[in-house]
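> If you scroll down you'll find the structure; I have some questions about it.
The values are calculated or read from the model by the stated rules, or taken from the named source; none is laboratory data. In this text the structure is predicted, and so the values were computed from the model without any measurement. Quick reminder, even Gly has a Cβ in these numbers, built from the backbone with ideal geometry, and neighbours come from all protein chains shown. We work out accessible area using only protein heavy atoms, side chains counted, and drop any ligands, DNA or RNA first. Shrake-Rupley method; radii C 1.70, N 1.55, O 1.52, S 1.80 Å.
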Amino acid sequence: MSAVLLALSLISGGYEMLFLMIGFREYVTWRIAIIWLSLVIITMSLGEVASNLWPQVPLAYFWIIPIVCVTTFMSSRLLYTQWILMLPVAIFLNALKRLVGAIMGVIAKAVAQSASPMLLRQAIGLHSTADINLFLASIMMLPVIIILGMLAHRWLVQVSAADFLQRARVNISDYLLVILFFAIYIIAYVFAMEWSVNAQTYMAIAAIVTFGIIGSYLISNKNSHLNDAQLLLQVVDCKFNPNFWTNLSA
């Protein structure tokens, strides 16, 4: 792989990081950003080396599991929350990145069929049509991810997502549910990464829907528990508040 494609693979590995940093930009510090970026570069570089050394091993083990783990760990540090709450988010974003990449790949394929990429081939030193498609798709994904992150930021602020994630408590069943579906996601992509782009697109859509449902379930479940706990706390405070009985008798 050329230096250009290696750089593109490193960039594409940071799209989840970019999305979360834009979405929760109030919590981003220089220390978090530097450590996160360094881990992404190291992870993607090791994935490239490992895939060349052990080509018989499924690509999902090198290109999905490590980057999802890095995204989960660093996002949980970013928001001071538990990693199990961020794992469905990391998987959702990984699937979203693959869906956007597949769509951009279709567009790049149409663009590459014209005569215009000839200058691009000469400029970046790529001659394979597949390499040109990968280059164009990776470049076109960047503004899409930025726009999606900015739109997500407005919604995350409105619903106080960070505050909820910091206060939510998890159960053993939550760990089992998320880890089970993460294993299913990896097993599915062990086969899907050998399929065509269209098949991978369908797989990404299915993963987005699945982990969107899991995330919604965890949010609604934990939110109801938080509301019940807050209501109980308010009742206890009222009973032990002297003014409560005075106002009640009045």
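> Keeping the other protein chains in place, figure out the carbon and sulfur percent of the accessible area of the range 1-102, with a 1.4 Å probe. Let's see the in-between values first.
Working: 3390 of 4590 Å².
The value for the range 1-102 is 74 percent carbon and sulfur by accessible area.
> Sticking with this one: Using the Cβ atoms and a cut-off under 13 Å, what net charge is assigned to the surroundings of Val70, where Lys and Arg are +1 and Asp and Glu are -1? Don't jump to the answer; show the numbers that get you there.
Details: positive: Arg77; negative: Glu16.
Overall, the nearby charge balance is 0.
> Packing-wise, with mean Cβ within 10 Å as the measure, how do 61-69, 82-90 rank, highest first?
Details: 61-69: 19.8, 82-90: 21.9.
Peptide ranking by packing, descending: 82-90, 61-69.
> Which whole-Hz couplings ³J(HN,Hα) result when phi for each residue of the range 52-61 is put into the Karplus expression 6.51 cos²θ - 1.76 cosθ + 1.60, θ = phi - 60°, listed in order with x for Gly and Pro?
Karplus-based 3J(HN,Hα) across the range 52-61 equals 7, 6, 10, x, 7, 7, x, 5, 4, 5 Hz.
> Which Cα, out of Trp30, Pro55, Leu99, lies furthest along the positive dipole direction of the range 1-101 (beta carbon charges, K/R +1, D/E -1)?
Trp30
> Put a dot 7 Å past each Cα toward the Cβ at Leu176 and Tyr61; how far apart are the dots in nm?
Simple spin-label model gives 2.8 nm for this pair.
> Just to confirm a number: summing +1 for Lys and Arg and -1 for Asp and Glu over residues other than Trp83 whose beta-carbon lies under 14 angstrom from that of Trp83, what do you get?
Numbers: positive: Arg77, Arg169; negative: Asp174.
The answer is +1.
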